[in-house]
1. Restricting to segment C:45-80, give me the number of residues that are within 14 Å of another protein chain (Cβ to nearest Cβ) and of a type in the set (Asp, Glu).
2. Could you tell me which residue of segment A:23-38 is farthest from the other protein chains (Cβ to nearest Cβ), considering only residues that are touching a residue at least 12 places away in the same chain (Cβ under 8 Å) and part of a helix (DSSP H, G or I)?
3. So, in segment A:330-365, exactly how many residues are in a strand (DSSP E or B) and either of a type in the set (D, E, K, R) or surrounded by fewer than 16 Cβ atoms within 10 Å (Cβ to Cβ) (or both)?
4. Could you say whether any residue in segment B:27-40 is more than 8 Å from every other protein chain (Cβ to nearest Cβ), of a type in the set (D, E, K, R) and out of contact with any strand residue (DSSP E or B) (no Cβ under 8 Å at 6 or more places or on another chain)?
5. Please pick out the residue among C:Leu71, C:Leu78 that is in contact (Cβ under 8 Å) with a residue 60 or more places away in the chain and within 30 Å of C:Gly250 (Cα to Cα).
6. Evaluate segment B:18-33: report whether one residue or more is open to solvent by less than 80 Å² (accessible area, probe 1.4 Å), within 10 Å of the chain's Cα centre (by Cα) and within 18 Å of A:Ser124 (Cα to Cα).
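The values are calculated or read from the model by the stated rules, or taken from the named source; none is laboratory data. Just so we're clear, the structure is a prediction, and the values are computed from it rather than from any experiment. Don't worry about glycine lacking a Cβ; one is built from the backbone with ideal geometry, like all the others, and counts go over all protein chains shown. Surface accessibility is based on the protein's heavy atoms, side chains included, excluding ligands, DNA and RNA. Shrake-Rupley method; radii C 1.70, N 1.55, O 1.52, S 1.80 Å.
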Amino acid sequence: MTRLSIRGVGVVGGFGCGLEAFDRALVSGVASTMQVTPVPGNESVLRSAFLADTAPLEEFLNKRALRRIDHFSRLALLGSHLALQDAGMLGAIPERVGLVIASGYGALRTTFSFLDSIIEDGDSCASPTHFSNSVHNAAAAHVAIKLNIGGPNLTVSQFEMSVSSALLTAQLWLEEGRVDHVVFGGVDEYSAVLGYCWERFLGSESTEEMAPFDLARQTALVGEGSAFFVLSREETASPYGAIDRVSLGHLSGGLPILPKDPVYILGADGHRQCSAKYPELVPQGASVASYAPLYGSLPVGQAFDLAAAALAMRDGRLCATPGHVAEETDWQIVGTEELGQRDICCLKMDDNGGYGFLTVTKGRG
Amino acid sequence: MAIKEKLKKILVEELNLEDMTAEEIEDSTPLFGEGLGLDSLDAVELVVLIQKHFGIEIQDMEEGREAFESVETLAGFIDERLKG
Amino acid sequence: MSGPSPVAVTGVGCLCAAGANLAACMESLFKERRHPAPPSRFETEHAIRYPVFEVSEGFFPPELPEDGQLLRTSRLALAATLEALHDADWNPEDLKGLRVGVCIGTTVGSAMNSEEFYRDYRSGKRPEMTPIERFLRSNPAASVARYFGLSGPVQTVVNACSSGTDALGLAASWVRNGLCDVALAGGADELTRVTYNGFASLMIADAEPVRPFDLSRRGLNLGEGAGMLVLESEKIQQVRKAKIRSHLLGYGSACDAYHLTAPSPDGSGLIRALDEAMQSSGCRSEDIAFVNAHGTGTPDNDRVESTVLGKVLPRTPFLSTKGFTGHTLGAAGALEAAFTIACLEAGRIPASAGFSKPDPVFPIHPVTREVAIEGRAALSQSLAFGGNNAVVIFGKEGPQ
């Protein structure tokens, strides 16, 4: 299968905006969260959340161009512009480019803003603008319009498996020669209702610090943001490396063949039910990292794992897993260390036995 | 507030014309295309806003087409319907 | 791009207002029966009661009782899948040892959109999580994979109204490239108050039964349903020797990159999608027996489609089947793929329901009566919110 050369990376999340901010977070291991009040009418319940600021988007698009664009689509616009800028393609986007966006929940805030318009003003005053922006592919539409990407355009919504599943399609588009480049990204947003859902599902086990390798503990904190990539057929080596293999399936079909002795960046993000699944797949003694404590738990967290892998390839070194690290584990938890010749496998599992992974290797050519 | 002023305020605030103020909109400025630069999605949003703020229902875009030329024509349309 | 590489379709299943299964739907289409009516499952405050095309509860098979555990969208997808597997002569148990993928398009099935939950939340109650749990359990592709215990790739495509067509094209690519032995692919969507209010707010819902391509057209009627196909790799076909109903010959997609809700007036994205589908299928225009147009009945959509088809396939008969089904959003492309395959087999297409008066600005018009068709292949196209366009071509394998 065609290797996907990573030509550019653009990220925005709780750590800030852009690769430098992301790199600083990875190196320092310091998480920056904000406080949200997930219980309506009760300001005293405070939870930490990783929230993203899209103000830097004004560097790329003026206020007028953004007037009808919601937070969700802004996250996607910012990520995609940053990735294309990083790839040196902004303003000179080649032809034959496809766009693939993964999102676990879509535009949650606008989904509920549309319901607000119905509940507040009645069915006949439902807002057509909110309705249009609440459709899951609204972000992909806005990105295609602002960047003039007229190729194939796909949005995938598969909860935790969204990124692996969408990436599979991006790879096939390049494999079949449908496009020469794919702008690929994952995006999810926080909303007050999501906060409420978290509180109801997990509130009693709330935590202040994520500890992804305390597999039996619930330590997830909600996050939002977007991570975008420019992926191309590999003609020359990119410092970020290339995605070699994308695989997704279900444990009921047997264990998949994993890459040989890679470093795993696990999508373990403090959700106990999902975390419990990783030992079924990741061999004892494997080197593992999780960087979710820097961007929080969100369905498309794997896109951030991929960005961390690309940076590790570029710099030839791994950053230590941030936050509290469990003492007893069957794995080697990665510290600050040389990457060496190892590949990186970004693995995500859901609570039902589904898995999705991709392998990042050094660039060739 | 006069209908025209109210309309201008609605245009700026509810269609998020963040780069202009209500005072900057001329009565005769075309709402669509050149002029304010509104489009078909704004047009249907405007239908909802007129219902919400003035209680006037527009069932069909054909009915609204002439009224939607400018603040002036729209205010005239609203005025007539409120009297009618 | 490599040469044509058809993927076998061995099973077809669908349900919508026109019928509980493909045979029943085709009978309705050819007998020109349609029954749009105001929604029966919910109330709204609109002065106009926009007609819709609902699936009656009796259309669901007995093994899929309403249980509150799954969204209706997933039940629709499961019902169509059961029929498609039966049609393909698959015992679902036998799929467990294979690598079977599921690729399904939807809009409602992916939206966390429980109005009752949200009303309670807003009013300061602490609503129970049942609707959210149901949503989390009801991702259409994941719920089909879970129901049948499948272990291959899973993808829910959320490309708005072209989702069903895209899901078919993408799943064919999985099979062609060896990602799975069998793919269950299609689309599913239920009718909800949210989409009903949404399309009414956009002022593209017709108060009368929908009139695709007609001069007097005023918009769409919403519908609901699901369509699913079974796609199989050559390897599996050789082992199983199943009957092959059709082949997915080609797929193309492109984005207008023009406007969030309006199609590009020149149909540039649709033209690119048609070009890619024709090229990848290896078909010439004379191979295309007919076109199943998107034909929603909205003024803009129908104008763009007639304009583009007038340029690309000016002599090919076309129809919209939405006069029989309503616009089923993410299911539309998959339902229409099922109809396209059935019409190719029957050698005829029904009248384009709701069309009588030609629009003088249109270069070409849909068929007004049942027509016998010639050609080895047929094409189905979908246009969507966000400027997405998707085209699939089905038919017999051609000279390689």
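1. So the count comes out to 1.
2. In this case the residue turns out to be A:Val27.
3. 4
4. Checking segment B:27-40: at least one residue is more than 8 Å from every other protein chain (Cβ to nearest Cβ), of a type in the set (D, E, K, R) and out of contact with any strand residue (DSSP E or B) (no Cβ under 8 Å at 6 or more places or on another chain).
5. C:Leu78 is the lone residue from the list that is in contact (Cβ under 8 Å) with a residue 60 or more places away in the chain and within 30 Å of C:Gly250 (Cα to Cα).
6. No, there is no match, as no residue in segment B:18-33 is open to solvent by less than 80 Å² (accessible area, probe 1.4 Å), within 10 Å of the chain's Cα centre (by Cα) and within 18 Å of A:Ser124 (Cα to Cα).
Condition check ((1) open to solvent by 30 Å² or more (accessible area, probe 1.4 Å); (2) among the small types (Gly, Ala, Ser)) across all residues:
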{"site": "B:Asn16", "(1), (2)": "yes, no"}
{"site": "B:Leu38", "(1), (2)": "no, no"}
{"site": "B:Lys52", "(1), (2)": "yes, no"}
{"site": "B:Gly64", "(1), (2)": "no, yes"}
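The rows are residues; the columns are (1) assigned to a strand (DSSP E or B); (2) among the hydroxyl-bearing types (Ser, Thr, Tyr); (3) surrounded by 24 or more Cβ atoms within 10 Å (Cβ to Cβ).
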residue	(1), (2), (3)
C:Tyr50	no, yes, no
C:Asp67	no, no, no
C:Leu70	no, no, no
C:Ala80	no, no, yes
C:Gly101	yes, no, yes
